[in-house]
Amino acid sequence: MARYRPRHSLGRRAAIRHFYRWTRRHFSTQKSCAHQKITDAWLLALLLSRFVFKMPYASIWWSLLREDRAGLPSYTQAYTRSLRLLARLEGLAKTAEHLAEVIIDSMPLPICRPKRTKRCAFLGARWGYGTQGDFYGYKLHAWVTAAGKVVQYVLRPAHLHDVTVGYELNQQWAACGGPKVIGDKGDAALGFVFPPKKNTRYDTGWRDSRHPALRRRIETVFSQLVAGQIRSVQAKTLPGLRLRVVLAVLAHNLTRP
């Protein structure tokens, strides 16, 4: 995976070529009809490159790209085509590989400002609580390896407890080789390794001195996703939110050291 890491010093074109080397392995490099302006592989490479340069607005990023490439379709056309590829992108973002240990955690994904929640009709959005206070929207629950790769994730309404969604992620536990799942105090349940609470009456497996450092790894990954603008703008539809998240996760995995 490291061989695909882009050299940011070379600029926008180098980053796009970097992602294209990956997208052409999984998506079509041929136009499906005569009026199609770019292939699926090029389309996704252009969309992924936005997260490298931390551009919060996809439409503005697309306008910048069209200044250099006169043959690109409009952003509306590009967005509509990318939604058709959403299921395949999500499948590629979740890999089943044998792992010794994974870190589990969640991060908030607000979909609107608190004062707008009464008028918000976003499908499935709920009130939830994060380290920065209450918010309205969804949560991203993820498994991250010690090397910083997001191996699987799910988007769920913000009111669901981390343990509830954690057991849903554990459905892939056997496919990943039965790894040790390291959580925080919010994952205080059998089957997880977590820091013991004052009233914990059994061994939680937290004695290994490596565990605190591993917990910091997932915090770093979430910080990198936030810096890459995974939640900088408000979402209008659930497929749009899913598309933004999967592109951010793929861009992170493909550019990690």
- request: Restricting attention to segment 234-256, report how many residues are outside any helix (DSSP H, G or I) and buried (at least 21 other Cβ atoms within 10 Å of the Cβ).
  value: 1
- request: Would you check which residues across segment 168-219 are closer than 17 Å to residue 151 by Cβ, part of a helix (DSSP H, G or I) and among the hydrophobic types (A, V, I, L, M, F, W, C) and list them?
  value: 169, 214, 218
- prompt: Going through segment 98-146 one residue at a time, which ones are loosely packed, with under 13 Cβ neighbours inside 10 Å and closer than 21 Å to residue 220 by Cβ?
  reply: 100, 131, 132
- prompt: What is the number of the single condition among (1) more than 26 Å from residue 93 (Cβ to Cβ); (2) more than 20 Å from the chain's Cα centre (by Cα); (3) surrounded by fewer than 18 Cβ atoms within 10 Å (Cβ to Cβ) that residue 204 does not meet?
  reply: (3)
- request: Looking for whichever is part of a loop (DSSP other than H, G, I, E, B) and surrounded by fewer than 12 Cβ atoms within 10 Å (Cβ to Cβ) here; the options are 34, 87. Which one fits?
  value: 34
- prompt: Residues in segment 80-98: is at least one in contact with a Ser or Thr (Cβ under 7 Å, 6 or more places away or on another chain) and either assigned by TED's automatic domain parsing to the domain that holds residue 164 or free of Cβ contacts under 8 Å to residues at least 40 places away in the same chain (or both)?
  reply: no
message: Residues to consider are 178, 205; find the one that is in the same structural domain as residue 112 (by TED's automatic domain parsing) and in contact (Cβ under 8 Å) with a residue 12 or more places away in the chain.
response: 205
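The values are calculated or read from the model by the stated rules, or taken from the named source; none is laboratory data. A quick note: this is a predicted structure, and the numbers were derived from the prediction, not measured. Cβ coordinates were reconstructed from backbone atoms using ideal geometry, including for glycine residues, and neighbour counts include every protein chain displayed.
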